[in-house]
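Chemist: Questions regarding the structure given below will be posed in turn.
The values are calculated or read from the model by the stated rules, or taken from the named source; none is laboratory data. Quick caveat: nothing in here was measured; it's all calculated off a predicted structure. Cβ atoms come from the backbone with ideal geometry, glycine included; neighbour counts cover every protein chain shown. Keep in mind that these areas ignore ligands, DNA and RNA; they rest on the heavy atoms of the full protein, side chains included. Shrake-Rupley method; radii C 1.70, N 1.55, O 1.52, S 1.80 Å.
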Amino acid sequence: MLERIDPDMLAMLRARHAEPQRRYHDWTHIAALLGHFERVKDRIADRQAVLHAILFHDAVYDPQAKDNERRSAELLLETGPPIERSSRELAHTMILATEGHYLPDTIGESERSDTAHFLDMDLAILGASEERFDIYEGQIRQEYAHVPDDRYREGRAAVLRSFAGRERLYFSEWGRDSFEDRARANLARSLAALARKLRTNNRTSTPPFPADPG
């Protein structure tokens, strides 16, 4: 799948995903999405857009920043991969959509379907096995090692509650069939564990995380 990607661009992306602050958002995450892409590629209309959204969506990742998605999308445009302009623009839109994980309502039906599948790939980790999900939760905690325990638990619980409260977590039929039930169970289990660890207090805090749980 990567054989037609410019080697210098691919090396740049691999180097970014090897940065020391990454524990979950590394190349393993990209490889997982590429695996999902391979399984659903027959459902995808603009494969170049989805492929480049996968490769670039976490290219900029600073756990202490709030603009990773925007900067990753900008990096895609600055790098200028040699694909159709429409594909590049759709990939840019897809990356921006990972901030909050909502489908844009400004694109056409085909583009919405491709974006739905991409977003579902990105959140597939929520519907992983209990063992893999627990590893993922530990990796996210490591990425936010700069945040004190109580503040982290409050913030993480707020993020997970925001997703658990959605009518549906996945936008495509593939995503719902593949991940929805396990994701609901994993979120409930993680929220219960966080609640047990939280100290009883009346403090409110702004979650120190992006809206994207993954």
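Chemist: All but one of (1) modelled with pLDDT of 95 or more; (2) out of contact with any Gly (no Cβ under 7 Å at 6 or more places or on another chain) hold for Leu198; which doesn't?
Modeler: Every listed condition holds for Leu198 apart from (1).
Chemist: Let me ask something additional. So in the range 56-74, with the set limited to residues that are assigned to a helix (DSSP H, G or I) and farther than 19 Å from Tyr144 by Cβ, which one is nearest to the chain's Cα centre (by Cα)?
Modeler: My answer is Phe56.
Chemist: Another question, then. Just to be sure, is Val159 assigned to a loop (DSSP other than H, G, I, E, B), of a type outside the set (S, T, N, Q) and closer than 27 Å to Leu194 by Cα?
Modeler: no
Chemist: While we're looking at this one, here's another question. Could you list, in sequence order, all residues of the range 18-50 that are over 14 Å from the mean Cα position of the chain (by Cα), closer than 15 Å to Leu76 by Cα and open to solvent by less than 30 Å² (accessible area, probe 1.4 Å)?
Modeler: Selection gives Ala49 alone.
Chemist: Which one of the conditions (1) under 19 Å from the mean Cα position of the chain (by Cα); (2) within 30 Å of Asp177 (Cβ to Cβ) does Ser86 fail to meet, given that it meets all the rest?
Modeler: (1)
Chemist: I've got another one for you. Any residue in the range 16-33 that is within 17 Å of Arg71 (Cα to Cα) sitting within a Cβ distance under 7 Å of a residue that is of a type in the set (Gly, Ala, Ser) and crowded, with 19+ Cβ neighbours inside 10 Å? List the pairs, counting only those 6 or more apart or interchain.
Modeler: Arg16/Ala59
Chemist: Next up: Write out, first by first residue and then by second, each pair whose Cβ atoms fall under 6 Å of each other, whose residues are 6+ apart or on separate chains, and whose first residue, in the range 117-134, is within 12 Å of Asn186 (Cα to Cα) while the second is open to solvent by 10 Å² or more (accessible area, probe 1.4 Å) and assigned to a helix (DSSP H, G or I).
Modeler: From the range 117-134, the pairs are Ala124/His36; Ala124/Phe179; Gly127/Phe179; Gly127/Arg182.
Chemist: In the range 77-99, which residues are crowded, with 22+ Cβ neighbours inside 10 Å and part of a helix (DSSP H, G or I)?
Modeler: Within the range 77-99, Leu90, Ala91, Met94, Ile95, Ala97 qualify.
Chemist: Under the condition of being among the charged types (D, E, K, R) and within 15 Å of Ala193 (Cα to Cα), which residue from the range 126-150 is surrounded by the most Cβ atoms within 10 Å (Cβ to Cβ)?
Modeler: Of everything passing the filter in the range 126-150, Glu137 is surrounded by the most Cβ atoms within 10 Å (Cβ to Cβ).
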